[in-house]
Amino acid sequence: MSATGRAFSAHRVSGVARISFRRLKALPANATATRNHASKDPEYNFEFFWRTFDEQYALFELKSVAWDQAYHSYHPQINARSSRETLFATMATMATMLRPLKDGHIRLNTPWGHYNAGAHPALYQRLTQELEDANDDRELASYLGDLKEWLHDVIHEDYLGNGVSHGGNRLLEWGHLNDAADTLERHLPNGWHLTLSNEIYRVYDGQLYEDVSIPPHIRLQYLGRKGREEGKDPMLERVLRLVGG
């Protein structure tokens, strides 16, 4: 907080960037003009949605997405009589505006549904194929949940329970890493909530790993269904040998 009380900075507990805020003497003219629009006007919400991404989204060039072209393609589908369901469908169905961005930080939450623009990794395709090959009618989400529980049991009971050590430290936690990035949150005039990537994160040498991820030094074959049925995880065993010397 500044000495005058007109500025401060803050960051979320899980965030990585500190954001500065400064109190304005008055609202800008365009903010006053927005009061002339009905908050539920479909065309106004579409314009607000498109312009928010146009001004704030940081990765259009990396994603090779022509956002201007998206506007000209989908704006004609929206008019003052469009239902809110139509507005949601135009902005968030898998085949429309957000899908080409393939960015898991983009989320749109509405009373009619929730959409995440993240691309499914190759692992999803592999597991889906496993289900089909085994004539297993489970949904992928259920399959992933069962797989997570199985891996938890294997790691904590079979490996750690049998005294497997690594690097002199027998503590091994099964969980996930928090995303090393913040997202910009916005609400459309009609109350819908969205998030987007408004920052670019690079490593110390300037390399950008967005979409490609950090390449591993040691590549391991992903655990297949046969290994799981045998109650063994060759990939995990290799890791424990590597870190345990």
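The values are calculated or read from the model by the stated rules, or taken from the named source; none is laboratory data. In this text the structure is predicted, and so the values were computed from the model without any measurement. Just so you know, the surface numbers come from the protein's heavy atoms only, side chains and all, with ligands and any DNA or RNA stripped out. Shrake-Rupley method; radii C 1.70, N 1.55, O 1.52, S 1.80 Å.
Here is how the numbers come out for the structure above:
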{"read-out": "All lysines inside 18 Å of Lys148 as judged from Cα atoms, apart from same-chain residues fewer than 8 positions distant", "value": "Lys226, Lys232"}
{"read-out": "All lysines inside 20 Å of Lys102 as judged from Cα atoms, apart from same-chain residues fewer than 8 positions distant", "value": "Lys63"}
{"read-out": "log₁₀ of I(q)/I(0) at q = 0.16, 0.24, 0.25 Å⁻¹ - region 104-148, Debye sum with one point per alpha carbon", "value": "-0.57, -0.89, -0.91"}
{"read-out": "In Å², nearest 10: area of Ser20 left accessible to a 1.4 Å probe", "value": "100"}
